1. Grab the other residues whose beta carbon is less than 14 angstrom from that of LYS23, score K and R as +1, D and E as -1, and report the net.
2. What base-10 log of the normalised intensity I(q)/I(0) is obtained for the chain from the Debye formula, alpha carbons as equal point scatterers, at q = 0.12, 0.23 Å⁻¹?
3. Can you give me the angle between helix 7-17 and the longest principal axis of the chain, using Cα atoms only, in degrees from 0 to 90, rounded to the nearest 10?
4. Where in the range 1-31 does the amide nitrogen come within less than 16 Å of the point 7 Å from the Cα of ARG64, taken along Cα to Cβ?
5. Pull up the cross-link candidates among the aspartates and glutamates for LYS15, meaning alpha carbon to alpha carbon under 20 Å and not fewer than 8 places away within one chain.
6. Add +1 for every Lys or Arg and -1 for every Asp or Glu among the other residues with Cβ under 10 Å from the Cβ of ALA76, and state the total.
7. Straight-line reach from LYS9: which lysines fall under 26 Å, measuring Cα to Cα and dropping same-chain residues less than 8 apart?
8. May I ask you to sort SER6, SER38, SER48 by Cβ crowding, counting other Cβ atoms within 10 Å and putting the fewest first?
Amino acid sequence: MIFEWSELKRLAVLKARNLDFVKARYLFDGRHLHTVPSPGGEEERWVSVGEIDGQFIAVVWTRRDDSIRIITMRRARDEEKRKYRALYG
């Protein structure tokens, strides 16, 4: 799978949230994910919630051709964590 992102956005998120888009790709390695549509924007976007290094992380992404483009990454909200746990324990 091919991943892409804006390097400027990656660096801004890394500085502000200490989360690196490089690790976002681990969410798509076959582990459990809770994915829902993300409102806003002109293109179809998704929010996927899963665990990376013991933390619940939310990644906003879209498909572009054969790639997954990471839009942003943040710590999952409490409600997102509850929905994930309800599905996967």
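Any read-out appearing in this document is the output of simple, stated calculations on the displayed coordinates, not a laboratory observation. This structure is a prediction, so every number in the text was calculated from the model and none was measured. Cβ atoms come from the backbone with ideal geometry, glycine included; neighbour counts cover every protein chain shown.
1. +2
2. -0.33, -1.24
3. Tilt relative to the chain: about 40 degrees.
4. Taking a point 7 Å out along Cα→Cβ of ARG64, the residues of the range 1-31 whose backbone N falls under 16 Å are 2-11, 21-22, 25.
5. GLU4, GLU7, ASP53
6. Counting the neighbours of ALA76, the net charge comes to +2.
7. Answer for LYS9, where 26 Å is the Cα cut-off: LYS23, LYS81, listed by chain and number.
8. The fewest-first ordering by Cβ neighbours comes to SER6, SER38, SER48.
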